[in-house]
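See structure below.
The values are calculated or read from the model by the stated rules, or taken from the named source; none is laboratory data. Bear in mind the structure is a predicted one, so any value in this text is a computation, not a measurement. Here the Cβ positions follow ideal geometry from the backbone for every residue, glycine too, while neighbour counts run over all protein chains shown. With ligands, DNA and RNA removed, areas are computed over all heavy atoms of the protein, side chains included. Shrake-Rupley method; radii C 1.70, N 1.55, O 1.52, S 1.80 Å.
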Amino acid sequence: MDFEKLGAFYLGKNFDLGTATLSDQFTLYESKQLTTHAVVIGMTGSGKTGLGIGLLEEALVDNIPVIAVDPKGDLANLLLTFPNLSAGEFEPWVNPEAAAQAGKPVPEFAAAQAELWKKGLADWGQDAARIQKMRSSVDFTIYTPGSSAGIPVSVLKSFDAPPPALLEDSDAMRERIQSTTTGLLGLLGIDADPIRSREHIFISSILSAVWLEGKNLDLGGLIEKIQNPPFEKVGVMNLESFYPSKDRFELAMSINNLLASPGFATWMEGEPLDVKNFLWTAEGKPRCSVFSIAHLSDSERMFFVSSLLNATLSWMRQQSGTPSLRAIFYMDEIFGYFPPNGNPPSKTPMLTLLKQARAFGLGMVLSTQNPVDLDYKGLSNTGTWFIGRLQTENDKARVLEALSSAGGTSNADLDKMLSSLGKRVFLLHNTNNAKPILFQTRWTMSYLAGPVTLEQIKVLMKDKKNQKTVGAGLASPTSQAAMASKPTSSRPSLPPSIKQFYLPASGEGITYHPMLFSSANVRYASPKQKLDVVQAKRYLVAITDEPVPVVWDEAEPLDFDVNSLEETGLEGAAYAELANAASNAKNFDKWQKEFAKWVSASQPLQLFTSSKFKAISEVGEPEGDFRTRLTQVAREQRDAGSADIQAKYAPKLAKLEQRLHTAQAKQAEQAAQASQAQLQAALNVGAGILGALFGGGRKTNIISKVGSGMRGASKAFKEGQDVSRAAESVEGVQAELEELQAELAAELEGISAVDPNEPLETIEIKAKAADVGVELVALVWTPYTRDDKGRLTPAWA
């Protein structure tokens, strides 16, 4: 298809305002231009949702990952794509009320919808193959924070310390602490002023103290810190004077009540708030992560959105700079989150992203049907505006005020364009273009079924949840027999020579299970790869009463600092049964030697290489992260190559377009002259003939008029020949232009498309036995709890 251009989003076709008709010219939007962000504005019924979904579909076809915040339930329609376009695929998702209004049974209505979508796609040059391409390119997931309908998100479980880059930026650190604290207090029903509120200042001080030490904090830990703060003064005031212990206890109880509330249990479950995992799978496949929040209260929505924005900021600051689009953050309705007045928790991180995300290739797309309640000053640097039909003159006035600052088109012309917009017709104001254009949105590949309910999300995510459940059981490799044993209230007695430690635990209902913890610093050296590094290797493995008590091949890696091991456990915790082999101190010496040999023989340093990009993964870089990095390199090379080719052809195309314009003007001039000559010749001949028939004129005058008419006819004939020559000139220039455009297209096709499944090779570098420095092999008590289904869940901090 002509619209399948590398790095270009197919949004629709240009719309002619004068004739109110579609042109044949595709509306193509360069993906890299989205790094300057976009705003979508339009009233209900303008087609705003269709435009937004169409834009995201184009990104996904181009393997660009998406985070989409869905306050209304419409963006979940991205998962309603049906490659066969059959009635059976549509039937579960059609609205029974819409079928009743159409006077049709649901199966018949579904068949009609299937035909409607099939025709709509065909009319816009799309087919089922394009749908399948999008579905196979991307991993689709609907997250439902605070609900188990979709994939839950663990937001309240941990307030992780920001990355080092943010910790070193005092302004960014202050903004992060402020928005996190405001969001948390909002959940408690406290509308706190960051400067005047005692609660806000106090919790901000706790977060600052803990985070500056590089430590994470969960709600349980926050409750403990509120009662026993890591400081004795707030500002210059004594802690007890500023916030007496009695009042601090009441604040701690408020948070504890929130934590203990049955409705908040799901906020503690699910995937962590990890933006990298929302954008790519572990294998490096791009993802479309839709966060459905329509079911949440206003304060819960604000808390989640601000948390997600802050997490996105932290992720962004860990990325390298890029001129190409890396990912999209789309928000379907920003009303209340980015107001002109006031400073809700979401505003500061959103404003920071709008200012800084461009350098990192993150495109922000913000959509609203309420253009009055927007901070247009904050949106002043936005490069692209999509404006649909507006509801009131006041709405139009606000939009005109925002657009006029960008220049390029008079307010009168913009006013006329905005006043003429119909359904699915949008004004596209792009700072990279000389002037705005009107276009009509293409037909979406996704079925626009309206807001998707929690019950429907359950159906959409059923298979995804089953995938996560399979093999999810135990988070660390211990024996089922030990896990099933009846715990005791005291730790088993062991000889003093056996070292015992604890993994730090949090929460209630803890049962400690005995595991063998092993740690070594391993040197990997390869002259060929010019590599010489030392890696810390740490593992947990079960100790059993089998003939071979420790099977090293069943050990699982553990990302944990040895210095964080603790010597005592939680009071009131239970202890699982200990295998007999763990009671013999000599076994630990034997296991230490086995561990060193196993690491040398079976735990090589693994690197990935790409012959196409002549690149090698970094030490410790997972395959998925390496693929993600290569994908971005490919996108940058594609965009740079495309820009170079277009720059090379631009002067030639401009010259031919000017020649075509001149030839067309000449053709129009010659046509007008020929028409005038033909008319004058006809009048002269006609006058002469009428004079001869009816008299009233001298013979010489009649002959003169007829002769003049004949001469005029000769001139008209010559003028007609000039018109033909002008038309031939236009056709010749058009042919040259089309030939040059074909050459351009052929060169652009020669640029490699972005392929996240690029084949990789693996290099393994083994460590010498002498290069394995065992740091510790010891018995470690690992904390677990049981979930509502009786499954063991790790509870270490």
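Of note:
- Within the range 342-369, considering residues that are assigned to a helix (DSSP H, G or I) and either without any contact (Cβ under 8 Å) to a residue 12 or more places away in the chain or hydrophobic (A, V, I, L, M, F, W, C) (or both), the one surrounded by the fewest Cβ atoms within 10 Å (Cβ to Cβ): ALA359
- Every residue from the range 141-160 that is part of a loop (DSSP other than H, G, I, E, B) and at pLDDT 85 or above: THR144, PRO145, GLY146, SER147, SER148, ALA149, GLY150, PRO152
- Candidates GLU300, GLU283 - the one that is touching a residue at least 12 places away in the same chain (Cβ under 8 Å) and part of a helix (DSSP H, G or I): GLU300
- The condition (being open to solvent by 10 Å² or more (accessible area, probe 1.4 Å), charged (D, E, K, R), more than 13 Å from the chain's Cα centre (by Cα) and modelled with pLDDT of 95 or more) is satisfied by just one residue among ASP74, ASP16: ASP74.
- Residue count for the range 101-152 under the criterion of being basic (Lys, Arg), open to solvent by 20 Å² or more (accessible area, probe 1.4 Å) and within 19 Å of LEU448 (Cβ to Cβ): the result is 4.
- Of the residues making up the range 153-179, those that are open to solvent by 20 Å² or more (accessible area, probe 1.4 Å), of a type outside the set (A, V, I, L, M, F, W, C) and either under 22 Å from ASN277 (Cα atoms) or in contact with a Phe, Trp or Tyr (Cβ under 8 Å, 6 or more places away or on another chain) (or both) are LYS157, SER158, ASP160, PRO164, ARG176.
- Only listed residue being within 25 Å of PHE291 (Cβ to Cβ), acidic (Asp, Glu) and over 21 Å from the mean Cα position of the chain (by Cα), chosen from GLU168, GLU175: GLU175
- For the range 314-341, a residue qualifies if it is more than 16 Å from PRO65 (Cα to Cα) and either open to solvent by less than 10 Å² (accessible area, probe 1.4 Å) or out of contact with any Asp or Glu (no Cβ under 7 Å at 6 or more places or on another chain) (or both), and the qualifying residues are SER314, ARG317, GLN318, SER320, GLY321, ASP332, GLU333, ILE334, GLY336, TYR337, PHE338, ASN341.
- Verdict on PHE3 being crowded, with 21+ Cβ neighbours inside 10 Å and in contact (Cβ under 8 Å) with a residue 12 or more places away in the chain: no
- Some residue of the range 80-100 being of a type in the set (Phe, Trp, Tyr) and within 25 Å of THR628 (Cβ to Cβ): no
- Any hit, the range 370-391, residues being open to solvent by 20 Å² or more (accessible area, probe 1.4 Å), in a helix (DSSP H, G or I) and either at pLDDT below 95 or of a type in the set (Phe, Trp, Tyr) (or both): no
- Number of the condition not met by SER446 [criteria: (1) modelled with pLDDT of 95 or more; (2) open to solvent by 20 Å² or more (accessible area, probe 1.4 Å)]: (2)
- Residue under evaluation ASN394, criteria (1) assigned to a helix (DSSP H, G or I); (2) surrounded by 16 or more Cβ atoms within 10 Å (Cβ to Cβ), criterion not met: (2)
- Filter result (under 29 Å from THR322 (Cα atoms), open to solvent by 10 Å² or more (accessible area, probe 1.4 Å) and of a type outside the set (Val, Ile, Thr)) within the range 21-49: PHE26, LEU28, GLU30, LYS32, GLN33
- Cβ-Cβ distances below 6 Å connect the following pairs, each with a first residue in the range 102-125 that is closer than 16 Å to GLY50 by Cβ, a second residue that is outside any helix (DSSP H, G or I) and open to solvent by 20 Å² or more (accessible area, probe 1.4 Å), and a separation of six or more residues or different chains: GLY120/TRP443; LEU121/TRP443; TRP124/TRP443.
- Single residue of the range 285-313 satisfying the filter (under 21 Å from LYS458 (Cβ atoms) and under 12 Å from the mean Cα position of the chain (by Cα)) that is surrounded by the fewest Cβ atoms within 10 Å (Cβ to Cβ): ARG287
- Considering only residues in the range 183-230 that are touching a Phe, Trp or Tyr at 6+ places or on another chain (Cβ under 9 Å), part of a helix (DSSP H, G or I) and of a type in the set (S, T, N, Q), the one that is surrounded by the most Cβ atoms within 10 Å (Cβ to Cβ) turns out to be SER205.
- Against the criterion of being in a loop (DSSP other than H, G, I, E, B), out of contact with any helix residue (DSSP H, G or I) (no Cβ under 7 Å at 6 or more places or on another chain) and more than 27 Å from MET173 (Cβ to Cβ), ALA265 does not qualify.
- Members of the range 625-635 that are surrounded by 18 or more Cβ atoms within 10 Å (Cβ to Cβ) and either in contact (Cβ under 8 Å) with a residue 24 or more places away in the chain or in contact with a Gly (Cβ under 6 Å, 6 or more places away or on another chain) (or both): PHE626, ARG627, THR628, LEU630, THR631, GLN632, ALA634, ARG635
- Cross-chain or 6+ apart pairs with Cβ under 9 Å, the range 644-655 first and touching a residue at least 60 places away in the same chain (Cβ under 8 Å), then of a type in the set (Asp, Glu) and part of a helix (DSSP H, G or I): ILE645/GLU747; TYR649/GLU743; TYR649/GLU747
- Residues of the range 448-470 satisfying the condition of being outside any helix (DSSP H, G or I) and either touching a helix residue (DSSP H, G or I) at 6+ places or on another chain (Cβ under 6 Å) or among the small types (Gly, Ala, Ser) (or both): LEU448, ALA449, GLY450, VAL452
- Those strands (runs of 3 or more DSSP E) lying entirely in the range 1-71 with at least 3 residues of a type in the set (Ser, Thr, Tyr): 21-30
- In this structure, ALA98 qualifies as surrounded by fewer than 21 Cβ atoms within 10 Å (Cβ to Cβ), assigned to a helix (DSSP H, G or I), over 29 Å from the mean Cα position of the chain (by Cα) and of a type in the set (A, V, I, L, M, F, W, C).
- Qualifying residue in the range 251-269 (condition: touching an Asp or Glu at 6+ places or on another chain (Cβ under 9 Å) and of a type in the set (D, E, K, R)): yes
- For the range 536-555, the criterion of being surrounded by fewer than 17 Cβ atoms within 10 Å (Cβ to Cβ), under 22 Å from GLY220 (Cβ atoms), in contact with a strand residue (DSSP E or B) (Cβ under 7 Å, 6 or more places away or on another chain) and of a type outside the set (D, E, K, R) is met by none of the residues.
- Enumeration of residues in the range 585-596 that are out of contact with any strand residue (DSSP E or B) (no Cβ under 8 Å at 6 or more places or on another chain) and open to solvent by 70 Å² or more (accessible area, probe 1.4 Å): LYS586, ASP589, LYS590, LYS593
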